[in-house]
Amino acid sequence: MGEGKTLSTERVFPSPKKNMDCLHTKFLNVDFKNPVIAASGTYGYGREYENLYPLEKLGGISVKGTTLLPKPGNPVPRIAETPSGMLNSIGLENPGIDAFINNELPDLQKKDIAVILNISGNTPEQYGEIAAKASLQPGVDIIEVNISCPNVKQGGAAFGTSKEAAFAVTKAVREATNLPVMVKLSPNVTKITEIAKACEDAGADGLSLINTLLGMRIDVKTRRPILANVMGGLSGPAIFPVAVRMVYETARAVKIPICGMGGISTAEDALEIMMAGAQTFQIGAAIFADAYAPLKIAEDLSEWCRINGVKNISEIIGVCK
Amino acid sequence: MLQKEIKINQKQWLNKTTVLFTLDSAELSAQTRPGQFLNIKADGKFLRRPISVAQIGTDTVSIVFEIRGDGTRIIAEKNTGEMLDILGPLGKGFSVEKYKKPLLIGGGIGSPPMLSIAEKYGEASTAVLGFRNAEAVILEGFFKNTGCTTMICTDDRSYGYAGNAVFNAQKFIGGGNFDVIFACGPKVMLKAAVKLAEEKKIPIEISLEERMACGVGACLGCACGEIGDNKITQTYLHVCKDGPVFGVENGQLVKLQ
């Protein structure tokens with residue numbers, strides 16, 4: 001292991017094709033060509049940014065949060081900027097699991113990329129039903145159980161803030177599918193490790209964290225909340241230290257692997273979250289500021305491995321004691 | 001679509017708070033259509049700012065925008081020769097190939113997108129542009145230079161015709177033989193323009209704005225439903241990807257082909 005040499009800021013992008021084998025990762029028994037995953041809700045179904053570069057440059061994609069029936073989402077404004085980040089209150093707008101299976105999955109399945117289906121429901125049974133539907137089709141590699149959406153009244157964060165509810169939802173999904181199950185945790189709790197353990201006990205194969213932090217902004221001119229839904233989820237670099245802390249704590253509390261996320265926008269951030277204990281990580285809001293962020297991070301990580309004599313990026317997982 | 005740093009080769013203040021940048025990129029201009037927008041990075045701010053295109057040259061694209069907050073101020077403070085980090089062109093533009101004789105209605109900072117249409121049609125187009133007062137009037141000479149019949153009006157009667165843009169458009173529309181209305185401006189103006197189009201049985205296309213993050217249809221932040229209210233319908237239309245230009249049928253926004 002090297003002395004943690006820092007990356008040069010002088011470089012050409014996109015750079016000539018490089019061997020990035022050092023980034024190959026196996027996570028929940030699924031092959032990832034690199035540990036970079038587009039976070040749910042920030043990358044649609046992978047079509048939008050294909051005007052700039054192929055989706056297959058990424059290790060994986062976690063698709064837009066999917067519910068049993070179509071969901072129109074919340075009223076606008078749904079977006080508010082914050083210092084080093086943003087609030088969103090989309091409200092899980094999505095076309096429903098059947099539309100996903102019929103219209104999006106066939107194209108995703110053809111690509112050399114790990115497909116993570118992010119699911120959300122109002123009851124544990126609904127989560128189970130969606131997972132069962134997805135399992136009947138080839139194409140989905142991992143199910144990410146969202147028990148942490150702060151923007152919907154029913155379900156969402158209600159499941160992610162109670163041990164019992166988190167256990168019940170995880171168990172329902174576990175019993176409905178043979179696919180790897182990863183539960184996405186909410187940071188809006190007193191002890192994230194308790195919820196993490198409940199998910200592990202219920203049979204989760206892995207965890208992803210953190211979802212957004214509940215926040216709010218007020219327009220001082222109108223004296224009203226900026227978001228129509230009053231509150232929303234905070235993401236972006238502002239929440240990164242919280243994510244590092246929670247991944248660090250959780251990695252020490254459970255035996256199952258972790259996919260880290262929350263404000264990652266550079267390769268240095270990615271290294272931090274992996275050193276805290278994450279095996280893979282998701283990039284979200286950073287993509288809005290720089291559409292090439294996931295590619296730059298992958299490229300910089302491989303360069304970091306090269307200059308630090310790291311044969312595979314997995315060597316650094318949890319090295320921070 | 002491209003994400004790139006592009007050089008500002010001309011900067012012009014149109015009034016105290018409105019600036020025009022001409023951006024030097026043949027690659028960008030070749031892809032851009034009237035009504036599309038760029039999502040522009042403001043240094044030190046997290047989200048990009050969506051700004052619509054005002055002119056499309058052979059190897060330049062120009063944008064006109066008003067300082068509305070910190071982000072637009074940061075962008076406006078850039079100077080000639082500096083680089084602007086843009087993502088674009090984004091969204092669907094106006095159906096300029098489909099119609100022959102458009103009436104353009106622009107309200108305030110909604111006027112710049114109309115200029116790129118006037119450039120396309122020249123003398124075949126008529127523009128009615130409304131502003132708050134004489135100080136707010138922008139781009140009059142630019143419109144006239146295209147050959148477009150241009151009428152400027154102000155709410156406070158301090159310049160040009162008196163009254164708002166739709167009120168004045170109503171007076172001229174009868175003799176114009178227009179086959180479409182293209183409009184951009186505040187929601188109340190757009191609602192009035194839609195009503196006018198319905199009365200005269202002329203198709204209309206309107207350009208909307210909404211707070212957005214990605215600009216490409218990934219985050220779903222900029223949902224829109226019926227025109228003029230907050231109601232989100234099951235139509236799943238989004239300003240950035242399905243718009244910003246929409247048709248209107250029976251009070252409902254319609255995605256253009």
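Side notes on the structure shown:
- Theoretical ellipticity at 222 nm over chain A - DSSP helices of four or more residues, -39500 (n - 2.57) apiece, nearest 500: -8000 deg cm²/dmol
- Distance histogram for the protein assembly as shown (every C-alpha pair counted, 20 angstrom bins, percent rounded to whole numbers): 21, 50, 25, 4
- Net charge of neighbours whose Cβ lies under 14 Å from the Cβ of residue B:166, counting Lys and Arg as +1 and Asp and Glu as -1: +2
- Counting only DSSP beta bridges whose two residues both lie in the protein assembly as shown, roughly 55 percent are antiparallel.
- Per-bin percent of Cα-Cα distances, the range B:6-149 [10 Å]: 12, 44, 35, 9, 0
- Using the empirical formula 2.2 N^0.38 Å as the baseline, the Cα radius of gyration of the range A:268-321 reaches a ratio of 1.15.
- Expressed as a whole percent, the accessible surface of the range A:126-213 that belongs to carbon and sulfur atoms is 48, based on a 1.4 Å probe.
- Whole-percent pair-distance distribution, where bins are 5 Å wide, for the alpha carbons of the range A:27-185: 2, 9, 18, 22, 21, 16, 9, 3, 0
- Peptide A:71-84 has a mean of 6 when you count, residue by residue, the C-beta atoms of other protein chains within 10 Å of its C-beta.
- Taken as Cα centroids, the range A:216-242 and the range A:286-306 sit 27 Å apart, rounded to the nearest whole angstrom.
- Euclidean distance of C-alpha centroids, the range B:75-105 and the range B:137-188, integer Å: 19
- Take each residue in A:289-297, count the other chain C-beta atoms within 10 Å of its C-beta, and the mean is 3.
- Per-residue ellipticity at 222 nm from helix content only, as computed over chain B with -39500 (n - 2.57) for each DSSP H run of at least four residues, stands at -5500 deg cm²/dmol.
- Remark: mean inter-chain Cβ contacts per residue of B:207-218 equal 6, using a 10 Å Cβ-Cβ cutoff to other protein chain atoms.
- Selection from B:60, B:219, B:202, by position along the positive dipole direction of chain B (Cβ): B:202
- Two-decimal Rg/Rh across the range B:133-257, once Rg and the Kirkwood Rh are taken from alpha-carbon atoms: 1.00
- Residues of the range B:147-184 falling in the label zone of residue B:257, defined by backbone nitrogen less than 12 Å from a point 7 Å along Cα to beta-carbon, are absent.
- Judged by the mean number of other Cβ atoms found within 10 Å, the most tightly packed of the peptides B:137-144, B:113-120 leads the ranking B:113-120, B:137-144.
- Stokes-Einstein diffusion coefficient of chain B, Kirkwood radius over Cα pairs, 37 °C, 0.692 mPa s, in µm²/s: 180
- Residues in the range A:49-65 that, when all protein chains are in place, have 50 Å² or more less accessible area than the chain alone would give (probe 1.4 Å): A:52
- Each residue of the range A:242-252 is assigned a 3J(HN,Hα), and the resulting list reads 5, 4, 4, 4, 6, 5, 4, 4, 5, 4, 8 Hz, derived from the Karplus form 6.51 cos²θ - 1.76 cosθ + 1.60 (θ = phi - 60°), x at Gly and Pro.
- For chain A, Cys with no neighbouring Cys Cβ under 4.7 Å: A:149, A:199, A:259, A:320
- Gyration tensor (alpha-carbon) shape descriptor, chain A, a/c threshold 1.5: rounded
- When both bridge partners sit in chain B, DSSP labels roughly 65% of those beta bridges antiparallel.
- For the range A:130-214, the convex hull drawn through the C-alpha positions has a volume of 85 cubic angstrom per residue.
- Radius, Kirkwood style, for the range A:169-259 when every pair of distinct Cα atoms is counted (Å): 14.7
The values are calculated or read from the model by the stated rules, or taken from the named source; none is laboratory data. Not measured: the values here are computed from a predicted model. Reconstructed Cβ throughout: ideal geometry from the backbone, glycine too, with neighbour counts over all protein chains shown. Note: accessible area is taken over every heavy atom of the protein model, side chains too, but ligands, DNA and RNA are not part of it. Shrake-Rupley method; radii C 1.70, N 1.55, O 1.52, S 1.80 Å.
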